[in-house]
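Worksheet: one structure, shown below.
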Amino acid sequence: MPFTAPILPPGEPAVAVTPYGSADTTPPARRADRTGEAMADRSPNRFRIDRSSAEEEFGLACQRLIPWPGGDKEPPVGAMACFLRPGGDSDPDCHNQDEVMIILSGAGSVTLDGVLEPPFRAGDIVVLPRNQEHVVHNTGDEELSWVSLYWPLREPAVRTENEEVAA
């Protein structure tokens, strides 16, 4: 199944329904994107990364991207677009999943297990190894945005001496 998610210019409203809804209530036949293409002519497997579709999680705004509607099988990876306000910090997070951040805009840094890593900017890829606490910092004067890919989709259980518990 093809997946395309163009990134909107700042201030442009969402024009396609995301897997988690959209603020746009215009009927699809009347909606058009900035090129004038009617939404009825678009694929139902296409939606936009859009800050207004994000919900507050982890101390920042997140738009879940995968899984998307239409697939019967669960994908092996999760993805979300993340938006962090200027000067903001994410909540500390630690999980038994590897994660890669693809920086779309802005500048920042990340603290991994208490160690501040070198700064990053748009176009950089940041690797967050599993089981390391991380906090993302927006060090710039514009919103920091990135796409996080993480795998496996669901965090594996961790076995203790006496029982199995979720990580």
### Task
Pairs only if they're at least six apart or on different chains, beta carbon under 8 angstrom, first in the stretch 144-157 and more than 14 Å from residue 106 (Cβ to Cβ), second open to solvent by 50 Å² or more (accessible area, probe 1.4 Å) and small (Gly, Ala, Ser); list them, first residue then second.
155/166; 155/167; 156/167; 157/166; 157/167
## Note on the structure
Just one listed residue, out of 63, 132, is of a type outside the set (Ser, Thr, Tyr) and in a loop (DSSP other than H, G, I, E, B), and it is 132
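Kindly provide the set of residues from the stretch 40-56 that are at pLDDT below 85 and surrounded by fewer than 19 Cβ atoms within 10 Å (Cβ to Cβ), ordered by number. Full working, then the answer.
Filtering the stretch 40-56 down to residues at pLDDT below 85 leaves 40-47.
Across the stretch 40-56, the qualifying residues are 40, 41, 42, 43, 44, 45, 46.
Quick grid of which residues meet (1) open to solvent by 20 Å² or more (accessible area, probe 1.4 Å); (2) more than 25 Å from residue 157 (Cβ to Cβ); (3) at pLDDT 95 or above; (4) out of contact with any Lys or Arg (no Cβ under 7 Å at 6 or more places or on another chain):
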{"residue": "58", "(1), (2), (3), (4)": "yes, no, no, yes"}
{"residue": "63", "(1), (2), (3), (4)": "no, yes, no, yes"}
{"residue": "67", "(1), (2), (3), (4)": "yes, no, no, yes"}
{"residue": "88", "(1), (2), (3), (4)": "no, yes, yes, yes"}
{"residue": "97", "(1), (2), (3), (4)": "no, no, no, no"}
{"residue": "107", "(1), (2), (3), (4)": "yes, yes, yes, no"}
{"residue": "110", "(1), (2), (3), (4)": "no, yes, yes, yes"}
{"residue": "113", "(1), (2), (3), (4)": "yes, no, yes, yes"}
{"residue": "119", "(1), (2), (3), (4)": "yes, yes, yes, yes"}
### Task
Determine whether residue 28 is at pLDDT below 70, surrounded by 13 or more Cβ atoms within 10 Å (Cβ to Cβ) and either among the basic types (Lys, Arg) or more than 27 Å from residue 122 (Cβ to Cβ) (or both).
yes
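The values are calculated or read from the model by the stated rules, or taken from the named source; none is laboratory data. These numbers were taken from a predicted model, which means no experiment stands behind them. Cβ sites come from the backbone with ideal geometry, for glycine too, and all protein chains shown count toward neighbours. Heads up: the accessible areas ignore ligands, DNA and RNA and are worked out on the full protein's heavy atoms, side chains in. Shrake-Rupley method; radii C 1.70, N 1.55, O 1.52, S 1.80 Å.
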